[in-house]
1. I'd like the residue in region 33-79 that is on the phi > 0 side of the Ramachandran plot and touching a helix residue (DSSP H, G or I) at 6+ places or on another chain (Cβ under 8 Å) and, out of all such residues, is surrounded by the fewest Cβ atoms within 10 Å (Cβ to Cβ).
2. Would you call Val95 in contact with a His (Cβ under 9 Å, 6 or more places away or on another chain), within 12 Å of the ligand (Cβ to nearest atom) and in contact (Cβ under 8 Å) with a residue 12 or more places away in the chain?
3. Looking only at region 15-32, which residues are crowded, with 22+ Cβ neighbours inside 10 Å and aromatic (Phe, Trp, Tyr)?
4. What number of residues within region 49-70 are part of a loop (DSSP other than H, G, I, E, B) and under 24 Å from Thr101 (Cβ atoms)?
5. For the condition out of contact with any Lys or Arg (no Cβ under 9 Å at 6 or more places or on another chain), in contact (Cβ under 8 Å) with a residue 60 or more places away in the chain and within 11 Å of the ligand (Cβ to nearest atom), what is the one hit in Leu4, Leu33?
6. In region 71-85, is there at least one residue being in a helix (DSSP H, G or I) and more than 9 Å from the ligand (Cβ to nearest atom)?
7. Within region 103-119, can you find the residues that are part of a helix (DSSP H, G or I) and either among the charged types (D, E, K, R) or touching a residue at least 60 places away in the same chain (Cβ under 8 Å) (or both)?
8. Output the number of residues of region 1-48 satisfying the condition of being closer than 16 Å to Gln76 by Cα, among the acidic types (Asp, Glu) and not in a helix (DSSP H, G or I).
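Bear in mind that the values in this text are calculations on the coordinates, not laboratory data. Being a predicted model, the structure only gives us computed values, none of them experimental. Here Cβ is always computed from backbone atoms with ideal geometry, including for glycine, and neighbour counts include all displayed protein chains.
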Amino acid sequence: MSSLAPHVPASEDAVRKMLQFAELQIGEQLYDLGSGDGRIIIMAAKEFGVKATGVELRDDLVQLTRKRIEELGLTQVEVVHGDLMQAEISNADVVTLYLTTSANEKIAPKLKKELRPGSRVVSFCFRIPRWEPSKTMRLGTRTLYLYIIPETENLKV
Ligand SMILES: C[S@@+](CC[C@H](N)C(=O)[O-])C[C@H]1O[C@@H](n2cnc3c(N)ncnc32)[C@H](O)[C@@H]1O
């Protein structure tokens, strides 16, 4: 297992914007790959009514996330301790990423292979190289990218 990005948490405002940008529907399944302290999965479940799973490499952050989930009494949220490259994500409706451009490049073939057509991928700050976003939004100096997995194989990875 190797770290693909440092732990730099997104601000609360950025997290809310990411989740709004993904147009989450109640009951959908979200994965945050590299979930840090769990802020995305926790807000997704609390404010948007989705099932949310985080995948995080660092044990201290996994423990912190589990503590927060327990304190809040959330039942539709979990965090898996492990490498995001090995995560089971095939039932995702939405995947959120806040990693790096090179990490996105590494994970792109997995997303393309495992996600269902129509699933959405939201990346904060960093593009997925060679994928065409269906929507972008500026957040100050940063950008949100939304990608939709196509029906046909037209994403180059
Ligand atoms: C920039 S932080 C984003 C945290 C959170 N998603 C957020 O937006 O606040 C990236 C996170 O990815 C985790 N990470 C890096 N490489 C990973 C890997 N191979 N598998 C799982 N998590 C990883 C880091 O430990 C870190 O917590």
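1. Gly36
2. No, not satisfied.
3. Tyr31
4. Selection size over region 49-70: 2.
5. The unique qualifying residue is Leu33.
6. yes
7. Residues satisfying the conditions are Ala103, Glu105, Lys106, Ile107, Lys110, Lys112, Lys113, Glu114.
8. Number of matching residues: 2.
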